[in-house]
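Read the structure below first, then the notes.
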Amino acid sequence: MAEDVVRVLQPKLASLYQGALHQGESIDLKGDGEPLHHYRVGLRKCRSLLKLYRQMLPQALYESLVISLGQQARVTNLMRDLDVLQQSLPASHPLLAVVEAWRRQAFTELFLQLGQLKRERALCVSVMALPWPKALAQFSEVTENVAVKLEGKIHRVHQRALLGGHPQDWHRLRIVIKRRRYLKEQCQPGASYRGDKALQDALGAFNDSCCQIAFLEQQQQRLSADLQPVLRQLLEQLEHRRQQQLAALGHLPEQN
């Protein structure tokens, strides 16, 4: 018997969100970064499915969840970037102690922001528990159409990135590749997303380099004079790595 798309989608979203909240409870400054990573991934999967199936959902419901989930995810961005930066530096690097201090400050801010978002989390839980109206469309047919449209979007974004080469275009490609992976993972049992993971990793590494450069340039004035040469050297290394990654992205296939 064919299943209504909303009847399939709603419990998937609720399960993903509950999983994200469970990971969020384990975020710890002194622990590893995995809970924060999985918290962010869970929120990202929810938002991706909501956006992919947007036409099947009531507008008010869609907007309330997408806006709230985005807000919950954005407050973790700095902490995640600092985790990546800290892990990339060797134990003897002169800037490591400074990065660890920035990370402690970011964790304090994150802890406060997560506390302020308690009502947002409760709202999402409540909305996902409400009875959603049926879309009167079969899940399998809608998913097939969603996948076809997504392939077209990936092709257009990829071509734009190849022609323009702007970091923001590659960032957009990374986002839509993630959506394709999450669609396969959550809604297309048996579909392989190994190639999507490889594309996502390559695009993610380039994005990490861009974020690290932008962050360190912003912090330049905060560093003492004796650390300025060290920072300039690190920025040069990161820029060299970014250019190598950008050149490699030009040879990435969009299909897996």
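Every number in this text was worked out from the coordinates using simple rules, so none of it is lab data. Since the structure is predicted, the reported quantities are computational estimates derived from the model, not experimental observations. Virtual Cβ from ideal backbone geometry, glycine too; neighbours counted across all protein chains shown.
Values for this structure:
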| quantity | calculated |
| --- | --- |
| GNM top mover of 147, 202, 91 - the chain, alpha-carbon springs below 10 Å | 91 |
| Kirkwood-type radius of the chain, with distances r between different C-alpha atoms, in Å | 20.1 Å |
| Calculated [θ] (222 nm, deg cm²/dmol) that DSSP helices of n ≥ 4 give over the chain, each run adding -39,500 (n - 2.57) | -26000 deg cm²/dmol |
| Ranked by how many other beta carbons lie within 10 Å on average, peptides 204-211, 156-163 from highest | 204-211, 156-163 |
| FRET efficiency, residue 3 to residue 252 (Cβ-Cβ, R0 35 Å, nearest 0.05) | 0.50 |
| Calculated Rg and Dmax of the stretch 1-152 using C-alpha coordinates, Å | 18.5, 63 |
| Close Lys-Lys pairs in the chain, where close means Cα under 19 Å and separation is 8 or more or interchain | 22 |
| 0 to 90° range, to nearest 10: angle between helix 96-116 axis and the chain longest Cα axis | 30 degrees |
| FRET efficiency, residue 188 to residue 14 (Cβ-Cβ, R0 22 Å, nearest 0.05) | 0.65 |
| Per-residue HN-Hα couplings for the stretch 162-179 [Karplus 6.51, -1.76, 1.60; θ = phi - 60°; Hz; x = Gly/Pro] | 5, 6, x, x, 7, x, 5, 5, 5, 5, 5, 4, 4, 5, 6, 5, 4, 4 |
| Over the chain, relative contact order from alpha-carbon pairs under 8 Å, at least 6 apart, % | 22 percent |
| Per-peptide average of other Cβ atoms within 10 Å, ordering 180-193, 133-146 highest first | 180-193, 133-146 |
| Packing rank of 102-114, 219-231, where each peptide gets the mean count of other beta carbons within 10 Å, highest leading | 102-114, 219-231 |
| 15 Å cut-off, amide nitrogen to a point 7 angstrom out along residue 116 Cα→Cβ, residues in the stretch 39-72 | 71-72 |
| Coordinate range along principal axes, alpha carbons of the stretch 89-195, Å, largest first | 57, 44, 27 |
| Estimated dipole of the chain in Debye, rounded to 20 [Cβ of Lys and Arg +1, of Asp and Glu -1, Cα centre] | 600 debye |
